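**Q** The structure is given below, and queries will be raised subsequently.
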Amino acid sequence: MDFKMRRKAMGKGSMLALLIAVVLLLTTVASAGKNEDLATAAGDGDLPKVKRLLAAGAALNAKDEKGETALIYASMMGHIEVVRTLLAAGAAVNAAGFLGNTALIYASMMGHLEVVRTLLAAGAEVNAKDLYGQTALIWASQQGHLEVVRALLAARADVNAKDNKTGWTALNGASMHGHPEVVRALLAAGAEVNAKTKDGWTALISASAAGHREVVQALLAAKADVNAKGRIGTTALELATKNGHREIAELLRKAGAK
């Protein structure tokens, strides 16, 4: 092959390589667009669009720029039919997104009972923790989602799991936020009534400080240590008195608070 023919052939090869590169780039961009669209459609609860995008080849478990998957968005927003569709298509049920939250953690946090049940049935890890060590049960308990709490406990959630930032359990959270029915459900499931946070606060100290009378009654009935002290020596009675919760202070005195 002479020089002119070789240069012509090389020119054609370069053009072909360039064309292939452009096609690959466009394919990648289109795919990324489909993936972003899938996450958005899932979060919006747009089931027909989710199905179209899946049929068009959108990556089922791709994460958006925030690190969330389509299943996480659908679970967070409570779109049960979208959740079922994504799971049927093979969505990774235990994928972790932003701050380590899974679809189950988000659904529990937001109180979406049917989504929680569906995820658990699909194999969601009930004791998965986010980056702060909080489980689905801890989140559901502090938010007061009683039926979600019951569903998680039925799935063998660790009732005494502690987060790794504050050392709070589900019982601590439910008590601080004043959810008596959740407190009773956790106690019935074996929650340690005198578990302490890293600051030494028990559920009784938290509930007394916040003024939650019914929670205090439930904890006292479960034999909570009425004279337990926090890290700096603070007791439930001291905080109830300081915060003006006179009725609770009287309950604590009758229970033997010093």
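Since every read-out is calculated from the coordinates, none of them should be taken as a lab result. Bear in mind that the values here come from a model prediction, so they are computed numbers and not experimental data. We place every Cβ from the backbone using ideal geometry, glycine too, and count neighbours over all the protein chains shown.
**Q** Defining a contact as two alpha carbons under 8 Å apart and six or more residues distant in sequence, what relative contact order in percent does segment 41-106 show?
**A** About 34 percent, as a whole number.
**Q** Can you give me the long-range amide H partners of Thr102? Hydrogens built in the peptide plane at 1.01 Å from N, cutoff under 5 Å, separation of 5 or more residues or another chain.
**A** Residues meeting the criterion, in which the H sits 1.01 Å from N, are Gly97.
**Q** Same structure again: Which GluC sites (Glu not before Pro) from segment 171-253 combine a DSSP loop assignment with at most 13 other Cβ atoms within 10 Å?
**A** none
**Q** Same structure, new question: How would you rank Val183, Val126, going from fewest to most other Cβ atoms within 10 Å of each one's own Cβ?
**A** Working: Val183 31, Val126 21.
The fewest-first ordering by Cβ neighbours comes to Val126, Val183.
**Q** Give me the three principal axis extents of segment 132-258 from the C-alpha atoms, as integers in angstrom, largest value leading.
**A** Over segment 132-258, Cα extents along the principal axes are 40, 25, 21 Å.
**Q** I'd like the per residue volume of the convex hull spanned by the Cα atoms of the chain, given in cubic angstrom.
**A** Here the figure is 153 Å³ per residue.
**Q** Within 10 Å of each candidate Cβ there may be at most 12 other Cβ atoms; applying that plus a DSSP loop requirement, which trypsin sites (Lys or Arg not before Pro) in segment 66-154 survive?
**A** Lys66
**Q** Under a 10 Å cutoff between Cα atoms, tell me which one of Gly230, Gly244, Gly97 has the largest fluctuation in the Gaussian network model of the chain.
**A** Ranking Gly230, Gly244, Gly97 by mean-square fluctuation puts Gly244 first.
**Q** If you average 1/r across every pair of different Cα atoms in segment 184-258 and take the reciprocal, what Kirkwood value do you get, in Å?
**A** 11.9 Å
**Q** Report, ordered by chain and residue number, the aspartates and glutamates lying within cross-link reach of Lys254, taken as a straight Cα distance under 12 Å and ignoring same-chain residues fewer than 8 apart.
**A** Candidates past the 8-residue exclusion: nothing left.
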